[in-house]
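Asker: The structure follows.
The values are calculated or read from the model by the stated rules, or taken from the named source; none is laboratory data. Keep in mind the model is a prediction, meaning the values are calculated, not measured. Don't worry about glycine lacking a Cβ; one is built from the backbone with ideal geometry, like all the others, and counts go over all protein chains shown. What goes into the accessible areas is simple: the full protein's heavy atoms, side chains included, and nothing from ligands, DNA or RNA. Shrake-Rupley method; radii C 1.70, N 1.55, O 1.52, S 1.80 Å.
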Amino acid sequence: MIKGIGAAAGVAIGKAFVLPNWEWSMPETQVNPVDLAKEFERLYEGIRTSKDEIEFIKKEFREVVGPEESSIFDAHLAILEDPVFMSEIRGIIERQYKAAEVAVKEAIDHFVAMFDLLDDEYMKERAVDIKDVGNRLLKHLLGAPEVTLPSDTKPYILVAKELSPSQLAHLNPNYVLGIITMAGGKTSHSSIMARALGIPLVAGLENKLQSPIQTGDFLIIDGDNGYLIINPDEATTQHYSVVRDRQREKRAQLELLSSVEAMTKDRVRMRLASNISSVKELDMALKYGAEGVGLFRTEFLYMDRKSFPTEEEQYEVYKLVAEKVGEHPVVIRTLDIGGDKHLDYFQLPEEENPFLGYRAIRICLDQKEMFKTQLTAILRASVHGNIKLMFPMISSIEEVREAKAVLEEVKQDLDRQGIPYDRKLPVGIMIEVPAAVMIADFLAEEVDFFSIGTNDLVQYVLAVDRMNEQIAHLYHPYHPAVLRMIRTTVESAKAAGIGVSVCGELAGDERSLPLWLELGVTDLSMSPQALLKVKHRTLNTTASEAREVAKQCFRNREIAESEKQLTQFLDKHIIQYVMKSDA
């Protein structure tokens, strides 16, 4: 049993297929100076073809997992447009008279070596993206075929030194039981995509194997705990077969809960909504019984485009979502770009700390015409359903008042045109920075509801970038400071008589349910994949017992104490929920 990194959950059992490494045969002769223009033309044609391919892959992958995960390929397109990377290639051709493919290979090697020297594991993993893009370009320059995967119908566990997003996008999930990579970790793009596709993955096995895995080896991988077992004995195979079958059975049972109300054993009703980025995600959420949309991330309407979406385009999407959801609420968050989310056609400034910089509401208040276009579309759509409006990244009363003033201007424009909208449209804010928590009582007097964005709140409270592997172990949602921030926010909302919900990843963490029951938070919004697990958790929980555990958590001084108590409560009270025939 070899310990790696559990990068995507689940158990897989089957035979290995080892993906060959990229190997290129490069020309050794120099280019005649009179033929340099031809080499540049070959380079530019290869770039154009590579871009077309990446756009096609991105579109195909988006259909499977939605826009958020498919945006990984935006980083690949950005590399092909990066002036530093392209300047390096052109310089090698021009000054050393080398063929375009040789220049590309040398540029890849140079930048990968630079990334490997960095201490930041997250940045090291970006070297895979450079290799992926470079290999795609080399393929076209050399006229070489892509390394292909097995096309027969026998499922396999894929083994690779590293797996590029392009290769992963071509996988058929019906044939790939699991994935093993020697390099990479939880934040690599291949890991993110594997989680989206529901394929178990164990990464980080470099230098941990006594001998290389061979195609045909019988393997077991445990993506939950990060274990790889090569050619296991019968008892081990039987054990993991039982674990795998139980996981499948649990998934099947959970799907039976789609139409069941989320209610504790002592009749406390929870309302579970979903976070969405697209209509495709909404369809999945409604299939699993979501009671509305607690967070519509509208920035994904702005991506995969060459210009800002028009008012009409946005209106049609908001209207469609509202109509699909019906009487349940749809909370639409205004544009939240910046940080790690960029638009190809909107140039953001270079910043030392983009997560602390020009992003979200700060951009909207600076780009008021763009902001007004979105607000107009949302207001127009508000007559078609139960829409609520939410501003992100609020840190002061001044920002709230300025945003509401822009909203009033838009309402007046619609009034002049005689266009109907919901005049009682609820307006709320996301609580995701410590400043907002500390003035939550003031902010509660300005808005109709709060939504606690726990992902950013944890990051900002603890000063921890959770995507940085070196410090990811310091990212603790159950840190006493985070719990106190959440409690302060909820108490301020209740004192002002406004609604409060939670929409970050903590909402979809089954262990956290006792906290919400103790705080009286009954509205949670999570990914579609988490809905049924949290509902199952709710159905098997007694609120009065859960509150006692939560009270202790709010008194704890150490993170480990709260994690242990919440985990033990989960393990003790979760049982298989069987549907009654008359349910």
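Asker: What are the residue pairs meeting all of these: first residue in segment 224-247, first residue closer than 16 Å to K15 by Cα and open to solvent by less than 60 Å² (accessible area, probe 1.4 Å), second residue polar (S, T, N, Q) and outside any helix (DSSP H, G or I), Cβ atoms under 6 Å, and 6 or more apart or on different chains?
Answerer: Nothing qualifies.
Asker: Would you say E55 is open to solvent by 20 Å² or more (accessible area, probe 1.4 Å), within 23 Å of the chain's Cα centre (by Cα) and modelled with pLDDT of 85 or more?
Answerer: So E55 passes the test.
Asker: Go through (1) more than 17 Å from K250 (Cβ to Cβ); (2) crowded, with 18+ Cβ neighbours inside 10 Å for R557 and report which single condition fails.
Answerer: (2)
Asker: Tell me which residues, restricted to segment 263-293, are open to solvent by 90 Å² or more (accessible area, probe 1.4 Å) and more than 24 Å from the chain's Cα centre (by Cα).
Answerer: K265, R267
Asker: Condition (residue is modelled with pLDDT of 95 or more and among the aromatic types (F, W, Y)) applied to segment 357-377: is it met by at least one residue?
Answerer: yes
Asker: State all residues of segment 328-345 that are in a loop (DSSP other than H, G, I, E, B) and surrounded by 13 or more Cβ atoms within 10 Å (Cβ to Cβ); if no residue qualifies, say none.
Answerer: Scanning segment 328-345 gives H328, T334, L335, D336, I337, G339, H342, D344.
Asker: Another one. Among the residues of segment 509-533, write down those that are open to solvent by 10 Å² or more (accessible area, probe 1.4 Å), in a loop (DSSP other than H, G, I, E, B) and of a type outside the set (D, E).
Answerer: If the condition is that a residue be open to solvent by 10 Å² or more (accessible area, probe 1.4 Å), in a loop (DSSP other than H, G, I, E, B) and of a type outside the set (D, E), then G520, T522, S527 are the ones that fit.
Asker: Of the conditions (1) assigned to a loop (DSSP other than H, G, I, E, B); (2) among the hydrophobic types (A, V, I, L, M, F, W, C); (3) under 21 Å from L295 (Cα atoms), L348 fails just one. Which one is it?
Answerer: Here L348 meets the rest and fails (3).
Asker: Being at pLDDT 90 or above, more than 20 Å from F73 (Cβ to Cβ), part of a loop (DSSP other than H, G, I, E, B) and open to solvent by 10 Å² or more (accessible area, probe 1.4 Å): is that true of V260 here?
Answerer: So V260 fits the description; yes.
Asker: Among the residues in segment 5-25, are any at pLDDT below 85, surrounded by fewer than 20 Cβ atoms within 10 Å (Cβ to Cβ), hydrophobic (A, V, I, L, M, F, W, C) and more than 30 Å from Y227 (Cβ to Cβ)?
Answerer: yes
Asker: Additional query: Name the single residue that is modelled with the highest pLDDT among those in segment 467-478 being buried (at least 20 other Cβ atoms within 10 Å of the Cβ) and over 22 Å from P528 (Cα atoms).
Answerer: Ranking the candidates gives Y478 first.
Asker: A follow-up question, please. Can you confirm whether segment 485-497 contains a residue that is charged (D, E, K, R), open to solvent by 10 Å² or more (accessible area, probe 1.4 Å), in contact (Cβ under 8 Å) with a residue 60 or more places away in the chain and part of a helix (DSSP H, G or I)?
Answerer: Taking every residue of segment 485-497 in turn, at least one turns out to be charged (D, E, K, R), open to solvent by 10 Å² or more (accessible area, probe 1.4 Å), in contact (Cβ under 8 Å) with a residue 60 or more places away in the chain and part of a helix (DSSP H, G or I).
Asker: Also: How many residues does segment 373-397 contain that are more than 26 Å from I439 (Cβ to Cβ) and charged (D, E, K, R)?
Answerer: Adding up the residues that qualify gives 1.
Asker: Taking A290 and the conditions (1) in contact with a Ser or Thr (Cβ under 6 Å, 6 or more places away or on another chain); (2) not charged (D, E, K, R); (3) not in a loop (DSSP other than H, G, I, E, B), which numbered condition does it fall short on, given that it satisfies the others?
Answerer: Just one mismatch for A290, condition (3).
Asker: Are there any pairs with C-beta distances below 6 angstrom linking a residue in segment 126-148 that is in a loop (DSSP other than H, G, I, E, B) to a residue that is at pLDDT below 85, with the two at least 6 apart or on different chains, and if so which?
Answerer: Close Cβ pairs (under 6 Å, with a partner that is at pLDDT below 85) amount to V147/P20.
Asker: Then there is this: Going residue by residue through segment 455-474, is there one that turns out to be within 30 Å of E561 (Cα to Cα) and of a type in the set (G, A, S)?
Answerer: yes
Asker: A further question follows. Yes or no: segment 114-121 includes at least one residue that is touching an Asp or Glu at 6+ places or on another chain (Cβ under 7 Å) and either at pLDDT below 85 or on the phi > 0 side of the Ramachandran plot (or both).
Answerer: yes
Asker: Here is a follow-up. Give the residues of segment 297-327 that are part of a loop (DSSP other than H, G, I, E, B), at pLDDT 90 or above and open to solvent by 60 Å² or more (accessible area, probe 1.4 Å), sorted by residue number.
Answerer: F308, T310, E327
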